[in-house]
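Since the structure comes first, as structure tokens, the remarks are kept for the end.
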Amino acid sequence: MPKMDYIGTMRSASASERSPLIESGNPASTYDQSSSHSSAILGSPTGSEEGASEAATASRDVEDDVLPETSPLGRQLSWGSAYILVMSRVIGSGIFATPGVIFRSVGSPGLAMLLWIVGPIAAACGLAISLEYGCMLPRSGGEKVYLEFTYRRPRFLASTLVAMQVVLLGFTASNCVVFSQYVLFAAGVDAPTAALRKGVAVGLLATITVIHGCLPKLGVRLQNSIGWVKIAIMIFMILSSVWVLLFRRNGLESSPTNDLSWDHLWDGSVWNWGIISTSFFKVFYSFAGLDNVNGVLNEVKDPVRTLKSVSTVALTSATAMYLMINLAYFLVVPVDEIKKGGELIAAIFFERVFGRGFGRTALPLAVALSAAGNVMVVSFTMARIKQEIARQGFLPFSRLLSSTKPFGSPLGGFVVHFIPSFLVIVLPPSAEIYSFILEVEGYPAQIFSLFLSGGLLWLRYSRPDLKRPFKALTAAVVIKILLSLALLMGPFFPPSEAPENGLFYATYAIVGVGILVVGVGYWFISSVALPHLLNYRLEQVVEVLDDGTSITRIIKKTTYDRPFISHEVAIHDIRGEEDRYSLDGQGFQIVSRPATEREFVDDDVIKSSYYPEVEQLLKDITGASRIFIFDHTIRRKPAGSETRDSASRGPVQRVHIDQSYDAAKTRVPYHLPDDAETLLKGRYQIINVWRPIKTVQRDPLAIADAHSVGEDDLVVTELIYPTRRGETYAVRYNDSHKWYYRSQLSPEQAILIKCFDSKTDGRARRVPHTAFEDPTSAPDAPARESIEVRALVFHPEDQE
């Protein structure tokens, strides 16, 4: 038999005239057992004061990640800027340094080229997953958003691990190192000291941090310019190799003797999976960045369409360039020189093609410029992702780090990004630093990739309701899962020879996994052990900074819950009798009025398309001459999917009234200060227009007859915001309450719920309502989806 919670978790039973099972039952309801006044502290005014606990910790709900969000910086990135953001990230040091490292590891041109052929296929599988997630959840944050959305339990675990991985391992040190090596090579420094190499690398990192953090517009223009230069360099390299092969092969200083015939292509191959897997990490790193736009979608114009086209074009471009340049290396540079030069392979290539003067100076500087451009775009994205982590309350000084002041940039994110990058450059042994950095970054990233891929398949099963503008092939997802598993097995296959750098061969995996283990330990202590031992729980509250940035603060709450008691009530189905109930009579009214908008996923569309329809509906029904809509709430989460976590945006299962009398009166001067004095002289109301997005099959809405609920049954709940105070009403149980609902409510219908009416002439002034568990609903019934729009309704001509 269904149950109903008044002010806490309202579960109601239903006595339907159309369902004998419900008609004969007496569902249990939970009513408030508190005093006549209670209070709660909120992070920021949401406009929705609909039940103490629901409003009291209003947060940037993870369920809202399906909605686009615009950054306080605005949507400043066009298609061209987004393309450069991807290409400049992909074309970093990888193609100029990694081929030599890979060849030196695997031993043969054939095996090295095989990795570069399979690499784009694997990259395409990974890209497809990122595209499905990005189009489904068009928010800045990338993997942070996707993992949090997919893995919500245990609470805070995904967020903590993502924060640990991104903050501690999301650095740009490797390309700073390559920049340093190429600059010094071009300057003729043949044996630079470790201090000099690291000093130049740190200098680049600091310069980019200052430019992006303090001169953001200049930073974007500069990284766009460098991005096009990088593409030009790639094309120039390809054309140079073609020119050499056609006209100058015999005129090279020493013609390569590489035998690339099939019989000798595989000579010297090292068929050790540990070595192959670490080499594969390096190939992935060369294609890393195809999802770079995913991290900054809040700033991208037309984010979904741009994401799909930019990423696909970038993958095609990069693959073609990479394959041709790798082939050029083997045709121009002798194998022995490649093994000896390692990551300086591109510099050797230019020197052999253009001679020692131009080849040793001008083009290595261009390669260094390319590496610097990579650092710019990676810093640009990572700073914003780290700002998102700060916004979520997972970093110290989150208010400071989340703000875009004083330069209109995520300066705090750039500072957080600078620190680990600086340490990674300075602390590890100088020998083989490039390979070590790549491997440390790559291993834990594959763990997250595995969970993202598996989570995508799970979401398809558990959340078929989500809109997916792009859907990856299931085969691609499976391939990515298998590939991640294979790469994660690499450390279990030791190489035949000990590494030359003196480190244990699996040090990269130990360091990466160790950081994640520390993250799990920190999460358990901070989110489970301490709250249990000290009798508090963690809650999230929203705060809006003065620059417009919304942040979430995690606070300790010890007085959140209030006592409740369940009572059995009857809830009558009024289907077919809707015209007997009206706003002034019982306090609610069901109307048939289809809406043009059907999806309700884009805030801008809701406000531009649906708001005007709601205004006209309210004018038609009430006869009002002026309507002011002050907020809307969308609910898509199953009511029973989580505990009483106020951050969950599901149906509110507690008996409540959205506004107290006093709070309703403050709404007018708060929203319309210039007209408040005049408007308050006439009749004014607050009405909630509640509409299902899909036909309701679960957790329907129940409304009480306003006249059956006396004033003595109402309990004021004070809500304290940073900038104002609000109040709602909770409700004590009384057996005189009369409850109604309309079964199978469709999107073509809406319920008008009166939250307040200034008239005191006997008309209904306010009406309690709640969601309840319908015992006749199928166990696998889809979660209820609904939108509620709250509006001030004015009748200035109706004055007492």
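Details
- Residue 613 farther than 20 Å from residue 795 by Cα and under 32 Å from the mean Cα position of the chain (by Cα): no
- Helices (runs of 4 or more DSSP H) lying entirely in region 353-428 (those with 2 or more residues that are without any contact (Cβ under 8 Å) to a residue 12 or more places away in the chain and within 30 Å of residue 333 (Cβ to Cβ)): 356-391
- Some residue of region 169-188 being touching a Gly at 6+ places or on another chain (Cβ under 9 Å), more than 17 Å from residue 386 (Cβ to Cβ) and surrounded by fewer than 21 Cβ atoms within 10 Å (Cβ to Cβ): no
- Residue pairs meeting the criteria (Cβ under 7 Å; at least 6 apart or on separate chains; first farther than 30 Å from residue 112 by Cα, in region 278-304; second of a type in the set (Lys, Arg)): 295/384; 296/384; 297/139; 298/139; 299/75; 300/75; 301/75
- Residue that is modelled with the lowest pLDDT, among those in region 765-782 that are in a loop (DSSP other than H, G, I, E, B) and either among the β-branched types (Val, Ile, Thr) or not assigned by TED's automatic domain parsing to the domain that holds residue 594 (or both): 776
- Residue 159 being crowded, with 22+ Cβ neighbours inside 10 Å and assigned to a helix (DSSP H, G or I): yes
- Of the strands (runs of 3 or more DSSP E) lying entirely inside region 660-764, those containing at least 2 residues that are among the charged types (D, E, K, R) are 683-692, 725-731, 749-757.
- Test result for residue 100, in the same structural domain as residue 306 (by TED's automatic domain parsing), surrounded by 24 or more Cβ atoms within 10 Å (Cβ to Cβ), in contact with an Asp or Glu (Cβ under 6 Å, 6 or more places away or on another chain) and farther than 30 Å from residue 468 by Cα: yes
- Failed item in (1) surrounded by 13 or more Cβ atoms within 10 Å (Cβ to Cβ); (2) in contact (Cβ under 8 Å) with a residue 24 or more places away in the chain, with residue 598 passing the rest: (1)
- Test: residue in region 681-703 that is at pLDDT 90 or above, more than 28 Å from residue 739 (Cα to Cα) and assigned by TED's automatic domain parsing to the domain that holds residue 582: yes
The values are calculated or read from the model by the stated rules, or taken from the named source; none is laboratory data. Quantities reported herein were computed from a predicted structural model and do not represent experimental measurements. Here the Cβ is made from the backbone with ideal geometry for all residues, glycine too, and neighbour counts use every protein chain on show.
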